[in-house]
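Q: The structure follows.
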Amino acid sequence: MSEGTKEPDGGEEKVVLKTHDGQEFTVDMATANQSGTLKNLLSEVGSSSNNPQVIPLPSSITSRVLGKVVEYCQRHAAGGGRRGGMQALEQFDEELVELDKDMLLDVTYAAAFLDVPRLLDLTSQAVADAIKNMSVEEVRHYFGVVSDFTEEEEKVIRSECPWAFE
Amino acid sequence: MQPSPLLAEDAVVDRSPPPSHDGCRNPDAGSSDGTGALLLVLGYLRLPELLTFQRVSRLFRDAVAGDGLLWRRVTVQRPLSGRLTDDALLRITSRAEGKLESLALMDCWKITDDGLMQVVDRNPSITKLHVPGCTFLTANGIVRIVQRLYERKGNMKSLQIHVYGIHKLIISFYLWTTLVVSMKTVLLVCVQTGLGFTLVVFKQDPVET
């Protein structure tokens, strides 16, 4: 995250990602191109170091969430060739998704929005792992939802696959 | 510049396992209650969690029920294995609406030849059938199933079964030859496991016929 906010150096192309809460992340093109969404967008509008393109992001992607995504994209833009090869990269991925529940869900969402497939894969798997073996009530709590079934619906649901809930 | 219009449709494609989102997400939803991520993770859930999701809320139930893709690869493991009856298996696999691709039943010892045959009959496009530890299944039953798939122009690529003891190995010689014929190009590997032998059959080359 800190690297993303550095001043542009040299004549390299840069792009500024602006979150709804007003924070700006200046990243190089290799980092931005990790996101299919930004890549598409920038291929149309272009960007330069003197006059970098500013891309506003929706409110669901807070600066904290974007920081994570940028961290991932920067690391993967550098690839496995640096900082200890693929093994280090895998470890980086593993540690990146060690997040609290809300962050994990938000980063998942941001990864989908920005189209960073491998990050989405990582976070989605992390969510799936987190809810493994949870009860219905625990899943409700995890996603912050309440049951809105009618009594009738509840009855139908309980009659489905009762063997799985013994 | 507003990036949102171009995002909703093609934000996530080209990844596996098959995702379940089809442009019905709202880019500005999701952060507050976590349900925005719901549709994204569905494709990563195992059977027990999918079944649990159906009981969570209407949104969750509809998301799971409305996505046939989620049910095309079914794996039943412990602790559900021992509770899975023929009837329950039929109900679960019916959600694939005849398009079941992969069925892995680990130690589902209540499943019978007839039960499995019913599933296969309704899902002729099964390409992977793994039934290790399904002790109620017989070698002859498996042969019948593979033959049935062959007759129905199926394209079975991977089959795993357990073969117990010498007696069963003799039967399995018949099984092997039948499989070779039925699956055309096959690679047979016999793996010894703690429980006996696992016969692993791969179709080497998915050549269109």
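Q: Which whole-angstrom value gives the distance between the alpha carbon centres of segment B:52-99 and segment B:114-131?
A: So the two Cα centres are separated by 15 Å.
Q: What helices in chain A pass both tests, a Cα length along the helix axis of 20 Å or more and a mean Kyte hydropathy of 0.5 or higher, using whole DSSP H runs?
A: none
Q: Then there is this: Sort A:Ser147, A:Ser60 so the one with the fewest other Cβ atoms within 10 Å of its own Cβ comes first.
A: Going from least to most buried by this count: A:Ser147, A:Ser60.
Q: For B:Trp109, enumerate residues with amide H under 5 Å from its amide H, sequence gap 5+ or separate chain, H modeled in the peptide plane.
A: B:Thr135
Q: Just counting partner chain Cβ atoms within 10 Å, what average do the residues of peptide A:108-120 show around their Cβ?
A: 6
Q: Here is a follow-up. Please list, ordered by chain and number, the residues whose modelled amide H lies under 5 Å from the amide H of A:Gln53; skip anything fewer than 5 residues away on the same chain.
A: A:Val16, A:Ser48
Q: Most exposed first by the Cβ proxy, i.e. fewest other Cβ within 10 Å, how do A:Ser135, A:Ser63 rank?
A: A:Ser135, A:Ser63
Q: Can I ask one more? For labels at A:Val146 and A:Glu44 in the simple 7 Å Cα→Cβ model, what's the distance in nm?
A: The answer from the label model is 4.2 nm.
Q: To the nearest whole number, what is the average tally of beta carbon atoms from other chains within 10 Å of the beta carbons of peptide A:55-61?
A: Details: counts 3, 4, 3, 10, 4, 8, 4.
Counting other chains' Cβ atoms within 10 Å and averaging over A:55-61 gives 5.
Q: Please list, ordered by chain and number, the residues whose modelled amide H lies under 5 Å from the amide H of B:His130; skip anything fewer than 5 residues away on the same chain.
A: Sorted by chain and number, the residues that satisfy this are B:Leu103, B:Ala104, B:Leu105, B:Gln160.
Q: Okay, moving on. Using the 10 angstrom Cβ neighbour count as an exposure proxy, how do B:Asp107, A:Asp102, B:Asp114 rank, fewest first?
A: Fewest-to-most Cβ neighbours within 10 Å comes out as B:Asp114, A:Asp102, B:Asp107.
Q: In a shell of Cβ-Cβ distance under 10 Å around A:Ala128, excluding A:Ala128 itself, what net charge do Lys and Arg (+1) and Asp and Glu (-1) give?
A: 0
Q: Treat each spin label as a single point 7 Å out from the Cα along the C-beta direction, and report the A:Trp163 to B:Arg58 distance in nm.
A: 3.1
Q: Measuring from label point to label point, each 7 Å out along Cα→Cβ, what is the A:Glu98 to A:Ala78 span in nm?
A: Rounded to a tenth, the inter-label distance reads 1.8 nm.
Read-outs throughout are calculated quantities, based only on the coordinates presented, and are distinct from any laboratory measurement. Being a predicted model, the structure only gives us computed values, none of them experimental. Every residue, glycine as well, gets a Cβ built from its backbone with ideal geometry; the counts of neighbours run over all protein chains shown.
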